[in-house]
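Worksheet: one structure, shown below.
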Amino acid sequence: MSIGSFAREQIINFPSATNQEILDMVLEEFKDAKTTVNCIAWYKSNMKKNMPKQSAPLPRTLEIIDDEIVATKLKLASLEDEYKEMLEEDRANAMAMIEELANKYGKKVVNADTDNPN
């Protein structure tokens, strides 16, 4: 399956997914893809332009909702991982700044997590 076919399939299967969510699915499936959010937007636009007009929206089904729940859980896990990475990076940067200031003023930094004063 090509990247475009996969992206279009996800757009159809997850109609309420954002372009970023669809992109995340594409990049999960195709690790080396150069696809961007703009590509997903183009796919959606192209599909909409070439799709026959419907008089009424398709009814939501349990399967569609279940797929959306799975996609949302995957997105949440991805966001949690990203948050943890950024939090650790921020902590490391803050600690480096504190240590730099301590050295400048001839003080010792005591880290409550690793240093035991007893």
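What to note about this one:
- Neighbours by Cβ (under 6 Å, 6+ apart or cross-chain): first from region 1-12, within 19 Å of GLU63 (Cα to Cα); second assigned to a helix (DSSP H, G or I) and basic (Lys, Arg): ILE11/LYS44
- In the set (1) more than 18 Å from LYS75 (Cβ to Cβ); (2) exposed (fewer than 15 other Cβ atoms within 10 Å of the Cβ); (3) at pLDDT 90 or above, the condition left unmet by ALA56 is number (3).
- Residues being β-branched (Val, Ile, Thr), more than 17 Å from SER5 (Cα to Cα) and out of contact with any Lys or Arg (no Cβ under 7 Å at 6 or more places or on another chain) are entirely absent from region 33-42.
- So ASP32, is it at negative phi, of a type outside the set (Phe, Trp, Tyr) and surrounded by 15 or more Cβ atoms within 10 Å (Cβ to Cβ): no
- The set of residues in region 13-50 that are in contact (Cβ under 8 Å) with a residue 24 or more places away in the chain and in contact with a Ser or Thr (Cβ under 8 Å, 6 or more places away or on another chain) contains only ASP24.
- Screening ALA77, ALA71, ALA112 for residues that are modelled with pLDDT under 95, surrounded by fewer than 11 Cβ atoms within 10 Å (Cβ to Cβ), closer than 23 Å to VAL26 by Cα and out of contact with any Lys or Arg (no Cβ under 7 Å at 6 or more places or on another chain) leaves exactly one candidate, ALA77.
The values are calculated or read from the model by the stated rules, or taken from the named source; none is laboratory data. Just so it is clear, the model here is predicted, and its values are computed rather than measured. Glycine gets a Cβ as well: all are built from the backbone with ideal geometry, and neighbour counts include every protein chain shown.
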